[in-house]
Amino acid sequence: MSQAGQSPEIAMDAGALCKEEVFTDNRIGTIRKLTPVTAGGEEDHSRPVQYVGSTQIMTPGGALPLSFEIPASNLKEAAEGFGAAAQEAVEKTMDELRELQRQASSQIVVPKGGMDPGGLPGGGKIQLP
């Protein structure tokens with residue numbers, strides 16, 4: 001975190017720029033094709049093209065957005081690999097949610113100063129002056 005009164009530096013990395021194209025089937029989700037470019041906007045063939053899938057799953061708490069990389073060398077492969085990559089992302093997300101629930105349920109909350117079973121401060125002990 002930054003010092004009080006100082007804002008974090010916000011700057012783009014000109015050496016990591018990509019051109020983004022979005023493809024969808026208007027049903028399941030989207031595939032973003034990230035083509036590396038130079039600071040001048042020309043394609044940078046020294047870096048690989050990336051394919052990133054996006055979709056959402058319905059949970060009891062509502063829609064949960066998912067974003068995941070799709071291993072592919074072209075758009076057709078990305079479309080064909082979308083389902084498997086999405087399923088892997090769902091499983092990973094569900095594992096992470098279960099771990100968060102486990103951690104939350106294992107925390108013991110002790111009120112400061114103690115409480116008696118009836119909820120009154122003092123811890124239920126009689127104190128004489």
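Only the coordinates and a few stated rules stand behind these numbers; no lab work does. Everything numeric in this text was worked out from a predicted model, so none of it was measured. Don't worry about glycine lacking a Cβ; one is built from the backbone with ideal geometry, like all the others, and counts go over all protein chains shown.
Placing a label point 7 Å from the Cα of residue 23 along the Cα-to-Cβ direction, the residues of region 69-84 whose backbone N falls under 12 Å of that point are 72-82.
Placing dummy labels 7 Å off each Cα toward the beta-carbon, the span from residue 16 to residue 92 is 1.7 nm.
Site pair residue 106 and residue 57 shows an inter-label distance of 2.3 nm when each label is modelled 7 Å from Cα along Cα→Cβ. Taking every alpha-carbon pair within region 14-105, the share separated by more than 15 Å comes to 65 percent. With the simple spin-label model, which puts each label point 7 Å out from Cα in the Cβ direction, the residue 80 to residue 30 separation comes to 2.5 nm. In loop segments of region 1-101 as defined by DSSP, the trypsin sites (Lys or Arg not before Pro) with at most 15 further C-beta atoms inside 10 Å of their C-beta are 27.
With a Förster radius of 25 Å, plug the Cβ-Cβ distance of residue 64 and residue 39 into 1/(1 + (r/R0)^6) and report the FRET value to the nearest 0.05.
Numbers: r = 36 Å, r/R0 = 1.45.
Using R0 = 25 Å, I get an efficiency of 0.10.
Using every pair of distinct Cα positions in region 34-76, the Kirkwood expression returns a hydrodynamic radius of 12.7 angstrom.
Neighbour counts of other Cβ atoms within 10 Å put 30, 55 in the fewest-to-most order 30, 55. Loop-only check: which GluC sites (Glu not before Pro) in region 19-97 are DSSP coil with at most 10 other Cβ within 10 angstrom? Listed in order of number, the matching sites are 42.
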